[in-house]
Amino acid sequence: MTKQRFLKNIPRILVVMPTVEKACRDKLQGILRYAHMNGPWDVQTFDSHPFNAQLGSLRNWQPDGVIYGSDHRLRPVSRFSRVASVELDGFAESADTLSSVHHSSRLIAEAAADHLMHLGLTQFGFVGSLPDSPWSETRAGAFVARLALAGHACQTYTPIHPEDWGLEQAHMQAWLEALPKPCGLMVAVDLRAKQVLDTCLVAGIRVPEDVCVVSVDNDETICENTTPTLSSVLPDFEQGGYLAAESLDRQMRGLLTKPSRITYGVKRVVQRKSSLFIPQSSHLLASALEFIRLNAGAGIRVSDVVHYMNVSRRYAERHFRSGFGRSILEEIQRQRLERVCTLLRETNLPIGDIGARCGYGSEIYLKVLFKKTHGVTMREYRNA
C-alpha cells in the first residue's frame, strides 16, 4: 500500500514525437536527462504518426504533463487540454495558448554564415525549403543579415515549380549555374540540400570547388550518404528537450502560469566534404593550412608556418589574409580552440590537460581566451 501511494505521487509524462528521427531521439534524451536529475518521472513515449490510433491504450493512464514533439500535423489532444503541456519545435499557431521551446533559426543561420565566411568566401546564396515555411524564411533573413554586417550580398533561390521536381530541378540547375563562383551556399534543411547536391552533380557543378554547401539538422542518414558528404549545422536538440522538460516541470509545480516561449541554440557545425573549401589561388596556402591543422596542438607559432611555407613573413601574411580573410595567428588560434571544444564535448579530461594537448602553456590564458571567444567559460561549455 505504501508503495502504491508513493507511485501515485510520481508525475506521469507523455511525450509525443516521431522517435524514428535522430533529432527527436536527441530531444528525448534531453527530456530523460532532466527527469533523471529532477524526478523521478514516469515517462511514456508515443510516436506521433500513429498517435491517434494509440490513444485507446491511454484510457486508464492520465498524464500529468504532455510534451508535443516536432510534427506539424499534430495538434494538442482535447482530452489533455487541462493538462500541463509544452510544444517542442512544432506548430507555431499554438504559440499564444501553449508554452513552447523552439530552436533559434537566427543562431542557426548565423552559424552557417560564419562557417562559410571563415572559409574565405565572399559570394553567397541561400536555398530555402518549400514555400510557406516561416522557419525557412527566418533562416534566410538571418543569413542575409549576418552576411550584410560583413559587407557581403546574398542571392536567394525562389522555387517556381515546388509541386513538380522534374521542372523544379531544371529551374534550380539554371540558378546554380548562374551563381558567381566560388559561392558559399546555405540550404535551409538537409533533405533540401540533398536536392541541391544532386542537381550540382547532374549539372557538373563542382562541390565544394564551385559551390560550397552547408545545411541544417545534421541528419546523418542524409549527410553521410550524399555526393559529396554534406556539412550541416547541428542544433542543440538535447538541450531543447531538457528545456522543454524544465518548462513542463515549472507548469506542474504552479511556477509557470502563462504560456512561455524559449529558444535554444547551436551545438556546432559538423564539417564534411561539401564545405572543405580551399581557395584555388594557391596550393601553398592549402599546404600551409594542413600544416596548421596537424600541428596547432604542438604549440606552433607564426614563424613556424612561415618557415614551412619558405616565403617571407610579409608575403605569407598577405596571401593568408587574401585567401582566408584572417591572419596566420588567427588561424592557429581558431584551429586550437576548435580542438579544445572537441575535447570538452567528447572527453572528461581536466581543463589543464586539454590546454596542454592543444598547445596552451597557461591554463589561465586559455580560460580567458575561451571566455572572450565563446562568451561562456570552459566548464559552462562542457556542461551545456
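Read the figures in this text as sums done on the coordinates, not as results from a lab. Predicted, not measured: the structure shown is a model, and the values here were computed from it. Reconstructed Cβ throughout: ideal geometry from the backbone, glycine too, with neighbour counts over all protein chains shown.
Treating the angle as unsigned and between 0 and 90°, give the value, to the nearest 10°, between the Cα long axis of helix 328-346 and the longest Cα principal axis of the chain. Tilt of helix 328-346: around 30 degrees. Each stretch of four or more DSSP H residues adds -39500 (n - 2.57); spread over every residue of the chain, this sum gives -14500 deg cm²/dmol at 222 nm. Within the straight-line cut-off of under 15 Å between alpha carbons, the aspartates and glutamates reachable from LYS371 are GLU338, GLU363, GLU380, sequence neighbours fewer than 8 places apart in one chain being disregarded. In straight-distance terms, cross-link reach from LYS181 covers every one of the lysines whose alpha-carbon lies under 19 Å from its own, apart from those fewer than eight places away in the same chain; here that gives LYS273.
Could you line up HIS103, HIS36, HIS115 from fewest to most neighbouring Cβ atoms inside 10 Å?
Listed from fewest to most nearby Cβ atoms, that is HIS36, HIS115, HIS103.
Per-residue Karplus couplings for the stretch 154-171, computed as 6.51 cos²θ - 1.76 cosθ + 1.60 with θ equal to phi - 60°, are listed in order as 8, 9, 10, 7, 10, x, 10, 10, x, 8, 9, 5, x, 6, 5, 5, 5, 5 Hz, Gly and Pro entered as x. Mean-square fluctuations from a GNM of the chain, with a 10 angstrom spring cutoff on Cα atoms, peak among LYS181, LYS194, LYS258 at LYS258.
So for GLU317, GLU110, GLU330, fewest C-beta neighbours within 10 Å to most, what's the order?
GLU330, GLU317, GLU110
In order along the stretch 249-265, the Karplus-derived 3J(HN,Hα) couplings, from 6.51 cos²θ - 1.76 cosθ + 1.60 at θ = phi - 60°, round to 4, 5, 5, 5, 8, x, 8, 10, 9, 10, x, 10, 10, 10, 10, 10, x Hz, and Gly and Pro are given as x. With the chain treated as a Gaussian network of Cα nodes joined by springs under 10 Å, which of GLY352, GLY120, GLY30 yields the largest mean-square fluctuation? Ranking GLY352, GLY120, GLY30 by mean-square fluctuation puts GLY352 first.
Overall shape: oblate for the stretch 87-188, with the ratio a/c of the largest to smallest alpha carbon gyration tensor axis at 1.5 or above and b/c at least equal to a/b.
Across the chain, C-alpha contacts under 8 Å between residues 6 or more apart give a mean separation that, scaled by the residue count, equals a relative contact order of 16 percent. Which whole-number percent of Cα pairs in the chain have a distance greater than 32 Å? Everything past 32 Å amounts to 44 percent.
Springs between Cα atoms under 10 Å define the GNM used for the chain, and in it the highest mean-square fluctuation of PHE291, PHE126, PHE237 occurs at PHE291.
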